Amino acid sequence: MKWVVVRPDTLLEGAAPAYSLHDESLVSGLFRPESTNMANVANFVCDLVTDAETWDRWVGQLPVIVNERSAR
């Protein structure tokens, strides 16, 4: 079975600003959490399903997805 687990940080509603993906490392801490719009999670999952290059890059991994800092 091939898989990808998408790990958002604090989920927010709203439009889909720019986002970044990070390998399995933590990108935020307890006292400075990052945020992720639910729309970005949906966009990334759609990219995984429809774009072979994106799938090949992340298959078997646990990417962390967060909004870009400049987009907040």
Checklist entry - What pairs can you find where one residue is in the range 1-14 and in contact (Cβ under 8 Å) with a residue 12 or more places away in the chain and part of a loop (DSSP other than H, G, I, E, B), the other is surrounded by 15 or more Cβ atoms within 10 Å (Cβ to Cβ) and of a type in the set (D, E, K, R), and their Cβ atoms are less than 6 Å apart, with a gap of 6+ or different chains? => result D9/E34
Checklist entry - Is it true that some residue in the range 16-39 is exposed (fewer than 12 other Cβ atoms within 10 Å of the Cβ), at pLDDT 90 or above and not aliphatic (A, V, I, L, M)? => result no
Next on the checklist: Given the criteria assigned to a helix (DSSP H, G or I) and modelled with pLDDT under 90, does S70 qualify?
Outcome noted: yes
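Do we find that T54 is modelled with pLDDT of 90 or more, under 26 Å from M1 (Cβ atoms), hydroxyl-bearing (S, T, Y) and not in a helix (DSSP H, G or I) in this structure? Working first, answer last.
Values: modelled with pLDDT of 90 or more: yes; under 26 Å from M1 (Cβ atoms): yes; hydroxyl-bearing (S, T, Y): yes; not in a helix (DSSP H, G or I): no.
Considered against the rule, which asks whether it is modelled with pLDDT of 90 or more, under 26 Å from M1 (Cβ atoms), hydroxyl-bearing (S, T, Y) and not in a helix (DSSP H, G or I), T54 comes out as no.
The values are calculated or read from the model by the stated rules, or taken from the named source; none is laboratory data. Just so it is clear, the structure is predicted and the values come from calculations on it, not from any experiment. Quick reminder, even Gly has a Cβ in these numbers, built from the backbone with ideal geometry, and neighbours come from all protein chains shown.
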